[in-house]
Structures are given as C-alpha cells and as structure tokens.
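The values are calculated or read from the model by the stated rules, or taken from the named source; none is laboratory data. All values reported here derive from a predicted model rather than from experimental measurement. Cβ coordinates were reconstructed from backbone atoms using ideal geometry, including for glycine residues, and neighbour counts include every protein chain displayed.
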C-alpha cells in the first residue's frame with residue numbers, strides 16, 4: 001500500500017484487541033431509521049480504549065480519522081469531495097481511507113461519527129440540499145457506512161459536530177450556554193444548551209449563518225440578499241477583492257487565505273479587505289450575543305486562522321452594538337482543537353449519541 005501524503009497523514013500508536021459484539025447490531029427499523037441494540041452500545045462503551053471512526057464531509061474535501069476517548073486523533077487522511085462524481089463515489093473513497101486509517105492506528109472502530117455540511121437529518125442520516133454538494137440530496141452516509149462496516153453510525157451538521165468536540169475537549173468545555181461559529185467557505189453556527197444541541201422544528205439545524213445583515217447586500221446561495229455568510233465568509237473576502245483590485249495587477253482572483261497573507265505583509269488594499277471582514281463578522285456576532293446572551297462563543301473555521309488580523313476590531317464592533325446584554329461577561333475565544341476540530345467533533349457525535357442510557361439510543 002502506498003504511503004499517504006504527509007500532509008494528509010497523522011499516525012498514532014494505540015494498539016488493542018477487540019472481541020466481537022454480542023448479537024446483531026441492527027434491530028427492526030422503520031424505513032430510513034436505524035435503531036441499535038442497547039446491549040451492543042453498552043458493550044462498546046464498557047470497553048477500554050474505545051476508538052471511533054470520524055468523517056467530516058465538506059463542500060471541497062472529505063476528511064476521515066480515528067479518534068480515541070481522550071479526543072486524540074490517532075490517524076487521519078482526506079480526499080476531495082469532487083461533488084460531480086456523485087455521492088456513492090465519494091462514500092466509497094471515504095470508506096477506503098477510513099480503513100487505511102484504522103490499519104495505521106492499529107485500532108478497531110467501535111462506531112463512526114459523521115459531521116456534514118448543510119442541512120442533515122440527524123435521525124435518519126439523510127442529507128438535505130447542500131449547496132456545495134449538488135446532486136447529493138437524499139444520500140445517506142449513515143446507512144451506507146453502517147452497512148459497510150457493521151457498526152453503529154451517527155451524524156450531525158458539521159457545525160454541531162465541531163461544537164460538541166469543543167464542548168467536551170476544547171475551548172467550550174463545561175459552558176452551559178455555548179455558541180460555536182465556524183467561518184470558512186460558509187458560516188455555520190451551533191447552539192449548545194446544557195450539553196445538548198438545540199434543534200428547531202422537526203429537529204432541523206437553525207441556519208444562523210443566513211440571518212440577514214444588509215438587505216441591500218450581495219446575493220447569497222440561499223436565495224436571499226445580504227446574509228451574514230455572503231458578507232463575512234471566506235468567499236465574501238475574495239469577492240470584495242475582485243471588485244476592488246485593479247485588474248491590471250494580475251491578482252484579481254486571490255483566495256481569502258492569500259488576501260489575509262497580503263494584509264499580514266502590509267498590503268493596503270488587503271488590509272481594507274480584512275477591516276471589512278472584521279466589521280461584518282462583528283455585526284453578526286453582536287446579533288448572536290443580543291439574541292442568545294451565551295456564556296461563551298467559540299470561533300473556528302479556516303478564516304479564523306487569520307484571526308490575529310481582525311479579531312480586535314471585531315470585538316470593538318461587538319461592544320459598539322451590544323448595549324442591552326452584559327456583553328463583557330460573554331467569553332469569546334478561538335477554537336482550541338485546531339484544523340482537526342471537525343474530525344474530533346464527529347467522534348463526539350457518536351459518543352454523545354451512544355454513550356448514554358437506553359433512552360438516548362436510536
């Protein structure tokens with residue numbers, strides 16, 4: 001087997017043996033709904049050194065890994081989402097990588113946790129209409145991986161997954177009212193109340209990244225104008241740069257990451273782009289604080305890797321626009337699980353779904 005690229009691989013040294021589970025792992029189900037044997041879940045959870053497979057499905061890439069019960073990533077790998085090749089093709093590639101990770105970590109997965117971009121049905125495992133993954137609506141990663149590996153699988157929206165990881169092992173640890181905000185290709189927000197993911201009507205994930213900041217703002221992929229995501233996500237930084245950068249300089253199509261690097265080097269136009277980012281990020285966060293008055297907000301995602309450029313200004317915008325709640329008591333911090341927060345959080349999705357009493361088992 002060819003050795004994975006170093007950028008994509010991270011190995012661990014955990015080795016253990018695991019006996020087979022007692023009896024079949026699936027009970028009779030309603031169509032599209034999995035119900036797992038509680039005896040099986042109890043068996044897995046009483047074992048020492050349980051390791052969980054983790055899958056993070058994004059618009060541009062799918063990451064997979066093996067995570068232990070201390071939240072340590074033992075092995076990881078990734079591949080492009082390559083949405084045009086279809087859902088089934090992507091799942092097969094992801095499962096192949098997951099097997100490689102399992103082998104490198106010298107571990108046996110007790111289950112698989114999945115975090116996925118866009119609207120997902122956390123009970124049935126079906127994907128909704130994910131803008132960045134056209135044609136995947138109705139695909140069921142839970143069903144596919146559960147059948148392939150013969151172990152329990154759980155899925156949540158990717159922001160909820162990362163939030164659960166930060167709640168257990170990261171910057172949001174033990175916070176009763178936690179907001180996790182991920183800023184990257186889009187903006188995702190998760191609300192955790194007393195350890196549980198807040199769910200809307202019919203269990204849906206609230207799309208807080210699409211609350212409207214400026215009705216006259218740019219069009220958003222959701223169909224509205226001036227959504228927070230259309231103004232403060234990574235593509236918004238790049239779009240502003242394209243509109244304001246002289247075409248003659250040959251740099252009109254820089255990414256948000258490249259623009260932030262230029263700002264860090266003193267480029268004046270790039271610094272203006274970053275200032276604009278700080279303003280709109282701050283307005284959105286101010287709205288969240290006024291609406292929810294959380295104990296803490298944890299900020300993650302690829303754009304926040306450049307937070308040193310704009311977070312101070314963002315805090316100023318928050319203070320200027322939050323006058324009715326005790327904003328100084330709201331702790332704002334960067335995610336501490338780093339670029340692997342999605343994978344570590346996906347493992348915690350499985351833990352939270354299956355590590356509790358029979359009432360919590362689906």
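One line per residue, one yes/no per condition, for (1) at pLDDT 95 or above; (2) in the same structural domain as residue 302 (by TED's automatic domain parsing); (3) surrounded by fewer than 24 Cβ atoms within 10 Å (Cβ to Cβ); (4) within 15 Å of the chain's Cα centre (by Cα):
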{"site": "142", "(1), (2), (3), (4)": "yes, no, no, no"}
{"site": "146", "(1), (2), (3), (4)": "yes, no, yes, no"}
{"site": "151", "(1), (2), (3), (4)": "yes, no, yes, no"}
{"site": "154", "(1), (2), (3), (4)": "yes, no, no, yes"}
{"site": "184", "(1), (2), (3), (4)": "no, yes, yes, yes"}
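Assess whether residue 294 counts as being assigned to a loop (DSSP other than H, G, I, E, B), touching a helix residue (DSSP H, G or I) at 6+ places or on another chain (Cβ under 8 Å) and either farther than 22 Å from residue 345 by Cβ or at pLDDT 95 or above (or both).
Taking the combined requirement at face value, the residue satisfies it.
Does any residue of region 136-143 turn out to be touching a residue at least 40 places away in the same chain (Cβ under 8 Å), in a strand (DSSP E or B) and in contact with a helix residue (DSSP H, G or I) (Cβ under 9 Å, 6 or more places away or on another chain)?
No: zero hits.
Please enumerate the residues belonging to region 235-288 that are assigned to a loop (DSSP other than H, G, I, E, B) and within 25 Å of the chain's Cα centre (by Cα).
Those that are assigned to a loop (DSSP other than H, G, I, E, B) and within 25 Å of the chain's Cα centre (by Cα): 254, 255.
Read through the list (1) within 20 Å of residue 229 (Cα to Cα); (2) part of a helix (DSSP H, G or I), then give the number of the only condition that residue 299 fails.
Tallying (1) within 20 Å of residue 229 (Cα to Cα); (2) part of a helix (DSSP H, G or I), residue 299 fails exactly one: (2).
Let me confirm something: among 58, 86, 65, which residue is under 16 Å from residue 351 (Cα atoms) and at pLDDT 85 or above?
65
Which residues, taken from region 193-234, are out of contact with any strand residue (DSSP E or B) (no Cβ under 6 Å at 6 or more places or on another chain), assigned to a helix (DSSP H, G or I) and surrounded by 16 or more Cβ atoms within 10 Å (Cβ to Cβ)?
The answer is 230, 231, 232, 234.
Any residue at all in region 162-184 that is in a loop (DSSP other than H, G, I, E, B), touching a residue at least 40 places away in the same chain (Cβ under 8 Å) and within 27 Å of residue 226 (Cα to Cα)?
The answer is yes; a qualifying residue exists.
Take residue 319 and tell me if it is surrounded by fewer than 19 Cβ atoms within 10 Å (Cβ to Cβ) and either within 20 Å of residue 190 (Cβ to Cβ) or touching a residue at least 24 places away in the same chain (Cβ under 8 Å) (or both).
In short, no.
Please go through region 57-102 and give me each residue that is out of contact with any helix residue (DSSP H, G or I) (no Cβ under 7 Å at 6 or more places or on another chain), surrounded by fewer than 18 Cβ atoms within 10 Å (Cβ to Cβ) and assigned to a strand (DSSP E or B), ordered by number.
Result: 61, 80.
Does residue 262 satisfy the condition of being in contact with a helix residue (DSSP H, G or I) (Cβ under 9 Å, 6 or more places away or on another chain) and without any contact (Cβ under 8 Å) to a residue 12 or more places away in the chain?
Against the criterion (in contact with a helix residue (DSSP H, G or I) (Cβ under 9 Å, 6 or more places away or on another chain) and without any contact (Cβ under 8 Å) to a residue 12 or more places away in the chain), residue 262 qualifies.
Is it fair to say residue 299 is in contact with a strand residue (DSSP E or B) (Cβ under 8 Å, 6 or more places away or on another chain) and either surrounded by fewer than 16 Cβ atoms within 10 Å (Cβ to Cβ) or not assigned by TED's automatic domain parsing to the domain that holds residue 64 (or both)?
yes
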